Every structure is written in C-alpha cells, then in structure tokens.
1. Out of the residues in the range B:40-58 that are of a type in the set (A, V, I, L, M, F, W, C) and at the interface with chain A (Cβ under 7 Å from one of its Cβ atoms), which is nearest to B:Leu125 (Cα to Cα)?
2. Given the criterion buried (at least 20 other Cβ atoms within 10 Å of the Cβ), farther than 30 Å from B:Asp145 by Cα and of a type in the set (Asp, Glu), identify the matching residue among B:Glu90, B:Glu82, B:Glu63, B:Glu71.
3. Under the condition of being part of a helix (DSSP H, G or I) and either of a type in the set (Phe, Trp, Tyr) or touching a strand residue (DSSP E or B) at 6+ places or on another chain (Cβ under 6 Å) (or both), which residue from the range B:158-189 is nearest to B:Arg102 (Cα to Cα)?
4. Given B:Thr136, B:Thr111, B:Thr124, which one is assigned to a helix (DSSP H, G or I), closer than 26 Å to B:Thr9 by Cα and more than 16 Å from the chain's Cα centre (by Cα)?
5. Within 14 Å of another protein chain (Cβ to nearest Cβ) and within 15 Å of B:Leu87 (Cα to Cα): does that describe B:Ser157?
6. Only one of A:Ser83, A:Ser60 is of a type outside the set (D, E, K, R) and either closer than 21 Å to A:Ala185 by Cα or in contact with a strand residue (DSSP E or B) (Cβ under 9 Å, 6 or more places away or on another chain) (or both). Can you tell me which?
7. Name every residue in the range B:209-235 that is more than 13 Å from every other protein chain (Cβ to nearest Cβ), surrounded by fewer than 19 Cβ atoms within 10 Å (Cβ to Cβ) and over 17 Å from the mean Cα position of the chain (by Cα), in order of residue number.
8. Kindly indicate whether any position in the range A:96-106 is within 20 Å of A:Leu33 (Cα to Cα), part of a helix (DSSP H, G or I), away from chain B (no Cβ under 13 Å) and at pLDDT below 95.
Amino acid sequence: MTTPQEENFMRKISAEEKIEPKDWMPDAYRKNLIRQISQHAHSEVIGMQPEGNWLTRAPSLRRKAILLSKIQDEAGHGLYLYSACETLGISRSEMIEQLQSGAAKYSSIFNYPTLTWADVGAIGWLVDGAAIVNQVSLQRTSYGPYSRGMIRICKEESFHQRQGYEAMLALAKGSEGQKAMAQDALNRFYWPALMMFGPHDSESAHSQKSMEWKIKRETNDDLRQKFVDQTVKQIEVLGLEHPDKNIKWNEERGHYDSSDLNWDEFWSVINGNGHCNRQRVEHHVAAHDEGEWVRDAITAYNEKKRAKNAQHAA
Amino acid sequence: MSDQIKQATQEYATRLGDDSVVLGHRISEWVSYGPFLEEDIAYGNVALDYIGRARMFYTYAAELADDGRDEDDFAYMRNDREYRNLLLMELPKGDFAYSQVRQLFADVYYTLMLPELLQSKDETLSAIAAKAIKETKYHLRRSRDWVLRLGDGTEESHQRAQKAVDQLWGYTHELFDMDETEQLLADAGIGVDVAGLRDRWLEMVSAILTEATLTVPEDSWAVRGGRIGYHTENLGHMLTEMQIVHRSHPGCKW
C-alpha cells in the first residue's frame, strides 16, 4: 500500500517537478542518488590523476595552461557534486572514506593508464565526450541540486571536449609520429569510452528503478548508441582509422551497427583489476594522509583564534 | 631602442619568463596531491597564473630576438645551463609547508617588484606587470594565510614551517642581486632595481613570520647563481621531464 507521502512523491516525479533536499523521498531513492552522485564526484576527483600525469610533460606552454585549467575545472565539478550529495545527508569525509575503502566506485575509465601525450587529447575528446552525452541527459534528472549541478558542469565539459578534439586534430594533422600517437590513443580509449555508459540495460542492476524515479532519463544502451553515432564522423575528420572494423551504417535503424564490447574486460576492471585501480586509490589515500597534519593545523589555528576572540569579548 | 638596450631587455624578459615557468611548473606538481580538494584547485589556479606570465615574457623575448623563435623555443629548447631563473623557484616542492613558505617569499617579492615594473618605460613589460599585480595580490593573501595557520597551528605544523623558513632563507638573497644587464635597464627606467627592495621585503616577511610565531633566521648563508645559469641539481631533472615530449618530436606543432 502506498502512503500519501509516496503518492505525493510519485506525483511530483510524473509532473516533472524537481525533488528538493527538504522534500520527503523514499529511502531507496535517497540511497540510489547518493550512490550515483558520489560516484560521479569521485570520478571527477580520481580523473585528475591520469591527466595530471601529463601536466609536467605537456609539449607546449599553451597546452600546459589548457590542461591546468581543465583539471582545475574537474576538481571544481568534484566540489559541486560533493556539495549536491551532502544535501542528501552524507558528509564529504564519509564519501571520501567510502572511496578509499572501495565501498564507493568511480568511473572505471580512469583505471586505464595514460601512456602518451595523445591520451590527454583522447580523454578530452572521447571520455569527456561520453560523459557529456550522459550528463546532458542528466540535466533533466529529478533531484534538483543534481540537475542544477549538471547544467553548470555541462557548459564546462563541452569546452573540455573541444580542447581534447582540437589537441587530437593537431596530432592527426602533424608528423607521422604524432599521427601514430593519436591513432594509438584512439585505439586504446575508444572501447573503454563506450563502456562508460555501463552494462547493457538487461544487465544493469540500478537502471530500472533509476528510470522509474527519473534519476536516469535515458538507458545505457540508448546513450551509448548516440555516442557511437556521433564519433564516426569525428574520426573521419581526423583522418584516423576507426577502431571498430564492424562499424556500419544501418539505414533501417537510422544508427550505426557496431561490434559487441569485451564485457569480461569491463567487469574485470570494474572489479579492481585494471592497470591502475590500485594506484589511483593509493594515490588518493597517500595525498589525503599526507595532508592530515595540514588539516590538523587549520583546526588548531582556528581554535586558538576563537579562544583569543572569546577572551577579548570577555 | 638601442641595440644594447634591446638585447638587455630580451635577456631580462627571458629571465622573468624563466622565473615564472619554473615556479609555475613546481606549483603544478601539487595538482591531485593537495591536503584537500580546494587546495588542488588553488594550486592549479596559481600555477596557471605563472604559466600565463611565462608565456607573455617569452613571447616578448622572442619578439625582441626576432630570429624565428617562439615562446615554446624559449621554454623547451634551452637546457638548464641556459636557464636564468632564480634558484628559489627551482627547488623541489617539498612538503606543504615548504611550498607555502617558498610561495610567501616569492609573493612578497612580486608584491614589491611588480609595481616598480608597472612604471617601466617599456610598455610591454609594464602591461605584463599590470596583469600580474592582480594575481599576486590573491597569491599573497593565500600564502600569508597559510604561513600563519601552519606557524601558529600544531606543534608539527610549526616545526615543519620553521624548517622550511630555515632551509629556504639562504636562497632569498639572490632575489635582490643586480648585475650589469639589470643595472643598465634600471638606469634606463626599463627594469626594476631589485636591490632597493630587500629592506621592505625583509620587513614584510619578518612581520608575517613573527605573527606566525616563527623565527626570522640570521643571515648566515646565501646561495647564488641562477642568473648566470649556475643552478642546483634540481633544475636539470625538472627540465628533462618538462621538455621530453616537445624535444622527442622536433619542429612539431601541438
């Protein structure tokens, strides 16, 4: 039997009204959102590492500046998303604990290593590109703070994608060595980028309920298809070879047909066995632990200041 | 502009570009290693300001050199013996206290030096200073706050901050050295007479360190040589990393 609260909640969802932090919501809705938003926040934060790997080796000052500002944006996205998630009654430190213990996930794409400069371009173009397809759809998500965060984030992400594509274009139109680097990066990042949309709808644990609650607005497979379709032309413009030999326009469907993905690899990386899973989390833990004395210093300083002010007031 | 002045100005712009790129690079090494997310963002921001300055100084140096080189040739195609940055800028990032104390020393220096450069008869240098002054105002607010919090925080943070002050102090004297090139430009109203800034620098830094309950070191040692390319061992490693991709693909556009 549904309670009046539940009824009211579902009425808002059907009427496309946003759910706000103070509104009543089912526990499972809250939990589902915390899982999704914190995972998204952690992805932004962990995503700083594979790109940061090239900050000190960026091949021109202009590229170095662009990469710095992109990574900075990502850290900023992490902040908004942590804040959005905090409105659901979880603290940032709890979320960080969950990230570090492995209880919370982050996008599996960041467990792939960035081996050459071209990988920075490929990440901007393909990884941010795939993220945007997903995030554009999430601008209409039912939870107000998440939806508003997404609107803001989408604006910056489209700049990221453009800079990534432009960096790839410079390589693809450059020397033989640069072109080879671009092709190699495309070959390695294309498949994991497709996997960013998650498993097939039939295998996705959280999809059905998320769709019903309008947390998710489009299915994994539909979003993936959009990305496959938009990428074909982009690869052509670059003059690179498409990594999928089976890519073929299907007139009837109005979409490209493509190879099935290597889901064994997908699950293996999700389950912690990619090239960088351990390294990414350890990096985060190490930086966090090393920062402890700094955070302690702020607390101590603020306490001293408060005590001093109280003395003055007395 | 006489040839002599032009050449000196090119050298000067290169030096200031070197200071900026080297310090910017060191700061960028903090990204994803900060004590919390807000600091990752702040470090990225400050690094970006310095890389931006480097680009402006190098572009001007390239314009004066007029030999087909661009900003990247200055940054990526010179080796450590050709770099002319102050040694303070190239020291490894160390711990958080070390980086913040170095930043404080640099920020106070720029707080005094940039308004003088703003007065330069050279319009380009003056314009770069105008932009940099705004950035430095924010940088100093941040590094000053941090040094206060670390110095007057916990026993551990105090010790780390004091150690950083002591370890970095000997590299600050060089900031106020003048050589013939810089003297020529200072006399011509183009460059800054940094020798004249030392007393005010000492006064400002001492006030902040004292408020942070830290001890201002005695002037018992000084290391010099950045402006003649006599560096610490650190710069070579830094440039090796920074220049590897650029140099592996000669003549390429990025």
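1. B:Ala54
2. Going through B:Glu90, B:Glu82, B:Glu63, B:Glu71 in turn, just one is buried (at least 20 other Cβ atoms within 10 Å of the Cβ), farther than 30 Å from B:Asp145 by Cα and of a type in the set (Asp, Glu): B:Glu71.
3. Among residues in the range B:158-189 that are part of a helix (DSSP H, G or I) and either of a type in the set (Phe, Trp, Tyr) or touching a strand residue (DSSP E or B) at 6+ places or on another chain (Cβ under 6 Å) (or both), the one nearest to B:Arg102 (Cα to Cα) is B:Trp169.
4. Among B:Thr136, B:Thr111, B:Thr124, only B:Thr124 is assigned to a helix (DSSP H, G or I), closer than 26 Å to B:Thr9 by Cα and more than 16 Å from the chain's Cα centre (by Cα).
5. no
6. Result of the check over A:Ser83, A:Ser60: A:Ser60.
7. Residues satisfying the conditions are B:Thr210, B:Thr215, B:Val216, B:Pro217, B:Glu218, B:Asp219, B:Ser220, B:Trp221, B:Ala222, B:Glu233.
8. no
The values are calculated or read from the model by the stated rules, or taken from the named source; none is laboratory data. Note that the structure is a prediction, hence the values are computed from the model and not measured. Because the Cβ atoms are built from the backbone with ideal geometry, glycine has one as well, and the counts that use them run over all protein chains shown.
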